[in-house]
Amino acid sequence: LKRALPELAQALPLAPPAAPCSMGESSDVVMADGECRDGHLVSKKSRSDKHWHIHRVLSRKSPFADADAFDPGQDTIDYLHDTAKVLVIGAGGLGCEILKDLAMSGFADIHIIDMDSIDVTNLNRQFLFRQGDVGKHKADVAAAAVNRKCGHLGVKVTPHVGKIQDHPDSFYRKFNVIIAGLDNIAARRWMNATLHDMVDRTSGEPDPSTIIPLLDGGTEGFKGQARVIVPFMTSCFDCSLDSFPPQVNFPLCTIAETPRLPEHCIEYAMVVLWDKLFPDKKLDKDSPTDMKWLFEQAKERADAFGIQGVTYTLTMGVVKRIIPAIAATNALISAALVSEAIKISTYCGPVFNNYMMYMGQTGVYTHTFEYEKKEHCMVCGGARLAVKKDPSSTLQELLDSLGSNPTYQLSRPSISGTGGMVFIQNPKPLRLQHEYKLTMTLKELTEADPPVFAVGEELTVTDPVLPTKLTLVIEFET
């Protein structure tokens, strides 16, 4: 990453270097709306200046900054205030903190995107929202709150309501840095892959001018993490996919026959009763009406089995897979992310390389280490998977193995080859045409007339969680 910074500095649209102080090269201060006296900074602006703290950092040389990349002075300050454009993804507990920190750190052109509406359970930690905002879109309310509170700093936050997948590449190309405060792995994978796909590699090497850094943060109770992802220069999100624990699911037989926990009753109401009573209606997890119905059904079932503890809050947590959040953890991770955003935008200090963990459950302890790139990563690696399979195994078993692979964790993979479609998940009419293959063995598929695919053939795998493709090569075990 350190080696990459000079290349990024040359490619990104930073203003020309500021004129040096009249003291000459011996001075370690480059003036920003001030003057140099005896080698010391005497600013024309007092400490009451609205951004004096960040101006002080950006107005002088630093022994920690890369001398080839960092140009202290008014031009760098102007770039931060007038040119840098930041996108924040997610307006939840972490997103609110990020917006506040960006606004207070000198960033003026900030955009926020979120698809969710405000629920009453958000109010204890998502401090930009109030009781009267319940039911409104988070992005709209968060942007309005920051604009109202920090407008005097020249801040303008632009909201975008909807999914990140709804926006084309041209939307994301407008930003210099993207900060993600997401609460699910699928959205992180999509954003990570999209930014990698946007990098121009026609010359064989990544074009630095097309690289947009992604700062990813997440919290879970007293634990948190922040990381810097520079496409094709550092490890990406998918490189660490196998480090995430599997999502907890309850066996259907337990929740249906022998529930023992309040969570079992809630799962039963969601998985069994909803589909039974509303077969043509999809559960809206953001609808207070749907959530109230689930809570009432779960409470009734819990009472029948003598189980205590079913509450509306717990119902929301189980349905949305909500992990209890702590405001202090959000604040700490946000501070780390915005600090990295400042350093990446101005090169005023070394960017951490490249993963920081905060473990507050055992004390105030952080650990920073380099997460190495994975050679066969689906996004930043070769995107190639070679597997050896038993010829007697079925196509269904192959699809299941792709889903359980800790490196790829595909959800609904479709496979195609030079001879056509091996299997497709959607749309449903096309899936029905290929379902007969699911019970066929791989040997039968290769020996069919004509063959569905050939041993050693490069197959293409697509999946809803990613906008990219995976090359799959199947060899038979001998």
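Brief remarks on what is shown
- Cross-linked pairs Lys443/Lys469; Lys388/Lys469; Lys138/Lys292; Lys149/Lys282: Cα-Cα separations exceed 30 Å for Lys149/Lys282.
- Label zone of Asp303 (point 7 Å out along Cα→Cβ, amide N under 17 Å): in the stretch 258-279 this covers 262, 265-266, 269.
- Note on Glu397 and Glu220: their simple-model spin labels are 3.2 nm apart, each label 7 Å out from Cα toward Cβ.
- Stretch gain in nm, segment Leu273-Glu257, where the contour uses 0.36 nm per residue and the Cα spacing is subtracted: 4.4 nm
- Take every DSSP beta bridge whose two residues both sit in the chain; close to 55 percent of them are antiparallel.
- In a simple Cβ point-charge model (Lys, Arg +1; Asp, Glu -1; nothing else charged), the chain has a dipole of about 1320 debye relative to its Cα centre.
- Per DSSP, loop chymotrypsin sites (Phe, Trp or Tyr not before Pro) in the stretch 328-407 with at most 10 further Cβ within 10 Å: Tyr365
- Surface accessible to a 1.4 Å probe, per residue, for the residues of the stretch 417-478, Å²: 56
- Inter-label distance, Val364 to Asp82: 4.0 nm, where each label sits 7 Å from its Cα along the C-beta direction.
- Legend: helices of the chain (whole DSSP H runs) are marked when their alpha-carbon atoms reach 20 angstrom or more along the helix axis and their mean Kyte-Doolittle hydropathy is at least 0.0; marked are 327-346.
- The stretch between Thr418 and Ala328 holds 27.0 nm of extra length on full extension. This uses 0.36 nm per residue minus the Cα-Cα distance.
- Phi angles across the stretch 373-378 convert, under the Karplus curve 6.51 cos²θ - 1.76 cosθ + 1.60 with θ = phi - 60°, into 3J(HN,Hα) values of 5, 8, 4, 10, 4, 5 Hz, Gly and Pro given as x.
- Computed FRET value (nearest 0.05) for Glu444 with Ser62, which takes r as the C-beta separation and R₀ as 60 Å: 0.35
- For the chain, calculated [θ]222 nm from helices alone, where every DSSP H run of n ≥ 4 adds -39500 (n - 2.57): -8500 deg cm²/dmol
- Put a dot 7 Å past the Cα of Asp169, heading toward its Cβ, do the same for Asp200, and the two dots end up 1.1 nm apart.
- Whichever aspartates and glutamates have a C-alpha closer than 18 Å to that of Lys223, once near sequence neighbours (fewer than 8 apart) are set aside: Glu97, Asp183
- With every protein chain in place, the chain: carbon and sulfur % of accessible area (1.4 Å): 53
- A protection proxy built from the mean count of other Cβ atoms within 10 Å ranks the segments 146-154, 222-230, most packed first, as 222-230, 146-154.
- Taking Cα centre as origin and charging only the Cβ of basic (Lys, Arg, +1) and acidic (Asp, Glu, -1) residues, the dipole magnitude of the stretch 184-343 rounds to 320 debye.
- Among the listed pairs Lys163/Lys320; Lys100/Lys373; Lys100/Lys156, a Cα-Cα separation exceeding 22 Å is found for Lys100/Lys373.
- Extreme residue, positive dipole direction of the chain, given options His196, Val88, Cys150 (C-beta unit charges): Cys150
The values are calculated or read from the model by the stated rules, or taken from the named source; none is laboratory data. Predicted model only: the values in this text are computed from it and were never measured. When we count neighbours, we look across all protein chains shown, and the Cβ atoms used for this are built from the backbone with ideal geometry, even at glycine. Side chains included, ligands, DNA and RNA excluded: accessible areas come from the protein's heavy atoms. Shrake-Rupley method; radii C 1.70, N 1.55, O 1.52, S 1.80 Å.
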